[in-house]
Amino acid sequence: RINKYLQAISSILTTYSTCLSPCSFCQLLKALTPEENTHCQNGLFFQDGQRRVDYVLTYPVKKPGGGRSSRQSVQLLAENAVACSLRRGPHNGGEDLRHHQSLPMADLEGGALNGHEDHKAFRREEFEGKLRDMGLELEKEEVTKIPGVGFVKIHAPWNVLCREAEFMKLKMPTKKVYEVKQSSGIVEKISSLVSKVLEPLHPQVEEHQPKNIKHLSHTFSREKQHFSVQTCAILKKIWKCITSLLGSGVYTAAYPLHDVSSIHLLYEEWANYSVFYKYQPIGLVRKYFGEKIGLYFAWLGLYTQMLIPASVVGVIVFLYGCATVDDNIPSMEICHPKNNITMCPLCDRVCSYWKLSTACGTARASHLFDNPTTVFFSIFMALWAAMFMEHWKRRQMRLNYEWDLTGFEEEEDHPRAEYEFKVMQKSLRKDKKSHHKVSTLTCRDRLPAYMANIVMMLLMIGVTFAIVFGVILYRISTKAALHMSSSSITRNHVQLTVKTTAAIINLVVILILDEVYGAVARWLTVLEIPKTDKSFEERLIFKTFILKFFNAFTPIIYIAFFRGRLVTSHLMLFCFRSCAHGGCLMELCIQLSITMLGKQLIQNNLFEIGIPKLKKLIRFIRSKQGAFQEEERQKKLQRYETDHFLEPFAGLTPEYMEMIIQFGFVTLFVASFPLAPLFALLNNIIEIRLDAKKFVTELRRPVAARAKDIGIWYNILKGVAKVAVIINAFVISFTSDFIPRMVYQYTYSPDGSMHGFVNHTLSYFNVSHFQEGKETLDPLHLGYPVEICRYKDYREPPWSATPYEISKEFWTVLAVRLAFVIVFQNIVMLMSDIVDWLIPDIPKDISLQIHKEKILLVDHFMKEEQRKIHILESRVSTAHTLPNLCSIC
C-alpha cells in the first residue's frame, strides 16, 4: 500500500513570490503581544538558519516518561543525525538518516504506543524515507510549545525544484524582453486619461518593470542558461496520497507556512476594509496563493464591478416607480375615498368582508416594482448577464496571458486513494474466481451508489417541498388566529404580519438546511467513489448546487407561480391562498428581499467571521493552551506553531457557491425586486475584503494550484443566466399585472386609458352561494348586510347562464401571457447570442501579442543557438591552431 501511495507522489509546481516588504504576521493575527513581534521570523528556517521550510506535516506525539532535559537531549541527537546525513547528500545518506532518526523515535515512543500507534509511526517513517529518497530534506521537532503535537519540516533543494519544474513544463520568463506596443491616436489618449482618473483607485504596489515591457516566457530547462529563473520558493500540493494519511490519522495536518515578508502588503492593500474602494492587487494574490485562488478573486472583483451599472439602472427603475405612484390610475382608483367596493372574505369563517380601499398601501407599494419599466429592466438584466459572461472570458484570457498560462494544460489527475482501495478490493474478490486483473470500477459496481444518490436527492428535494407546505399551513392558522384577535391594530395588519413572519421562517429553515444539504451532498459523492479529485470536486459541486438552489428558491417559486392560482368556482375552498389586490408581486418582493438580505448578512458575513474564530478558539483550548494562555504569551512561538492554530483551508467551493446563489437572486426574479443588484453590490464590497482578511489572517496558507479558468462554475453561471430569461418572462406574464393592464388598455378600455381597470379585474359572488360551513361568522362586520361581494379573477357573474365559470377575458389574457413568454424569451436570447457573437473571447491586442511572442521566441532561440555554434567553432579552430604553433616553435 505504501508503494502505491508513493507512485502517486508528484512535487513542486507553482511559484510563490517572496520579494515583498517585511512585516509581523503575528500582529495581524492578534495572537501575540507587540513585544513578541520580533520573534515571528523564528520557525521559517531549519535549525541551520539556511534552508527554508517549504511545507509542514504535524502528527500526534505522546509525552515520554522522562523529564524535559532528557527530551531535549534526545531531540538534539536527532537533529545532529539529520544535519550529518544531509551534509553527506540526500541520496547517499538516506539510509543512515533513517537509521539515526528511528532510534530516538523508538526511545521516545516505544513504551507508550500501542499497536495501532506503532503502525502509524511505521507508516510515517516509510513515507518520510521515500520523501528523502526523492531529494527532499526533512527535520523533526517534537519538543514544542504545543503539547502532543510533533512537526516535520520539509525543504525542497534548488536542484529538486529545477528538476520538477522541468518535468512539469513550468513556463518561466527568459532574459529576453520586448516592448508591448500601445494603441495610438484617440484611443491611446482616452486610455491615458482614464488611467490618470483611476490612478487613486489602484493599490500602492511596487511595479518591478514598466507595464509596456514584458519578458518572453518558455518552458523551463536546466540546459538553457539564458533563463532568468526566480530564486523564490517553488511549491506544489505535495502529495496526492497525503489526504489518505491525514484521514487515517498518520498525520493530523499538512500546510505550507505563511510568508512574513509577503503578508504585510497583502494586508495593507487588500485585506483591509479601509481600501474597499480600490482595485484588488490580483497579481500579488496570484503570486502568494496561486492561480486558482487568484482567478476566484479576479472573478469576484469583475462581478462586483459589473453590478455597478445594474445597480444604477435598478435604482432608476425604483425611483421611477416612486415618482409615478401618484399618477398610477389603478392605485388611485383603489385608494379613492369614494371607493365602496366590498370584497369577499380572505379565509373561511373567521375572516369577514372588507373594503377594497383598505388595500391602498399595498397597491401603491406594488407599483414601485410593478410598473412599465419592469419589462425594460428584465431585458437589461438578461443582456447584462450575457455581457458579464463575455467580459469574464476576455478578462480570463488576459490573465492567462499575463500569468503565462496560454500553453498550460492541466496534468492528468492520479486516482484517489479511496478509488484505488476499492479497485484492490474488487481485484482480490476476482482473484478467487479468475486470474483477470481488475483496473477500474464499472457502472455496475457503482449502481447501488447511483441509486442511493437519486433516492436521497429526491428525498431532500421532497423535504424542501414539505417545509414549504408547512409554511403554507402556518399562514392559514396564523391568519385565522389574528383575525380572531380582539385588537383592531392586529386585525388591520394581518397581511403584513403573516407575510413577514412566514418569510423569516423560510429564511431560518433555508440557513439550517444549507448546512444539512452540504453534508448530504459530500456523503453522496463519497458513495460514488469518483476516480480523480477533479471528478470528485465537480460531482460534489453539482449536487450541492442542486440541493441549495431548490432550498433557496422553492418558497420564492411557490409565491411567484402557485400562490393565488387555486381559486375554484366555489371560491372559498382555496381563497385563503389568494394574494392581496395588486398581485403576488409585492409578496414575492418581501420574500425575496428577506431571504437574500438574511443569507448575505447572517450566512455570508456573520458565519464567515464567527465560525473560523470559534474553531480557532476550540483548537487552542484542545491543545491545552487555554488554561495557560498568559504564560504562553510570554514564550516565543515558532512560525509553524502559530500557523497550526489557524483554520485549515477547505477549498473555494463555499465561496463560489454563495456567490452563485446570489447571482441567482440578482437575475432569476429581478423583475420583482429591482434593488437586488444594489444590495448584492453592497454585500460584495464587504465580501471581497472579508474573504481577503480570512485568507490572510484566519486560514492556513493554501497549497497553490494552477488553473486556466474557474472550471464548472462558468457552466453553472451560464445555465443560471439562461434560466433567468425564462423565469423573468413568466414573472412578468403571470405574477405581475403588466399583461392584464396592457390587454385592458388596448382591448377593453372604452377610451384607451386605465380607468376602470380595477373593476374589470374583479368578479362577482353571491354570498348566499357559500358552501355550508364556509360563510363568515360576522356578516355585519361593515355595519350592513352584504349580498354581493367581489374577488379578483376573470369569472362569469352569478346571474349569467354559466355562473362562476371562467370568462372569455381570462382566455384572452392567458393567450397574451403565453405569447409574451415566447416572444420575450426568444428576443432576449437572440440578443444575448448577438452580444456573444459580437464580442470576441480573446482581446485583439492579446491575440497579436501572443503571435508576436512566438515569433520573437523562435528568433531569440535561433540567435542563441547560432551564438553557441560560433563559440564552438572558435574553440575548434583554436584547438587546431595550437599544435601548428608548437611545431613551428
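Values quoted throughout were computed directly from the atomic coordinates according to the rules given, and no laboratory measurement underlies them. Bear in mind the structure is a predicted one, so any value in this text is a computation, not a measurement. Here the Cβ is made from the backbone with ideal geometry for all residues, glycine too, and neighbour counts use every protein chain on show.
Translational D (Stokes-Einstein, µm²/s) of region 287-740 at 20 °C and 1.002 mPa s when Rh comes from the Kirkwood sum over C-alpha pairs? It comes out at roughly 84 µm²/s. Using the empirical formula 2.2 N^0.38 Å as the baseline, the Cα radius of gyration of region 304-417 reaches a ratio of 1.94. If a spin label sat at a point 7 angstrom from the Cα of Val315 along the line to its beta carbon, the backbone N atoms of region 679-693 nearer than 13 Å would be those of 679-682.
Any number yet on Rg/Rh for region 460-530, C-alpha, Kirkwood? Radius of gyration over Kirkwood radius for region 460-530 works out to 1.24.
Rounded to two decimals, what is the ratio between the C-alpha radius of gyration of region 638-679 and 2.2 N^0.38 Å?
Rounded to two decimals, the normalised Rg is 1.96.
Could you please report the charge total around Ile712, scoring K, R as +1 and D, E as -1 over all other residues with beta-carbon less than 11 angstrom from its beta-carbon? Value of the local net charge: 0.
Here the label points at Thr252 and Met862, each 7 Å from Cα along the C-beta direction, are separated by 6.2 nm in the simple model.
Loop-resident chymotrypsin sites (Phe, Trp or Tyr not before Pro) (DSSP state other than H, G, I, E or B) in region 291-340 with no more than 13 further Cβ atoms inside 10 Å of their Cβ are absent. When the P(r) is computed for region 250-299, the part past 15 Å accounts for 53% of the Cα-Cα pairs. For the cross-link pairs Lys479/Lys774; Lys153/Lys693; Lys292/Lys694, the ones whose C-alpha atoms lie over 18 Å apart are Lys153/Lys693.
Look at where the Cα atoms of region 457-485 and of region 831-848 average out, and the two centres are 48 Å apart.
Among Leu606, Leu717, the ranking by other beta carbons within 10 Å of each residue's beta carbon, starting with the fewest, stands as Leu606, Leu717. Note on region 444-496: Cα Rg divided by 2.2 N^0.38 Å, N the number of residues, gives 2.07.
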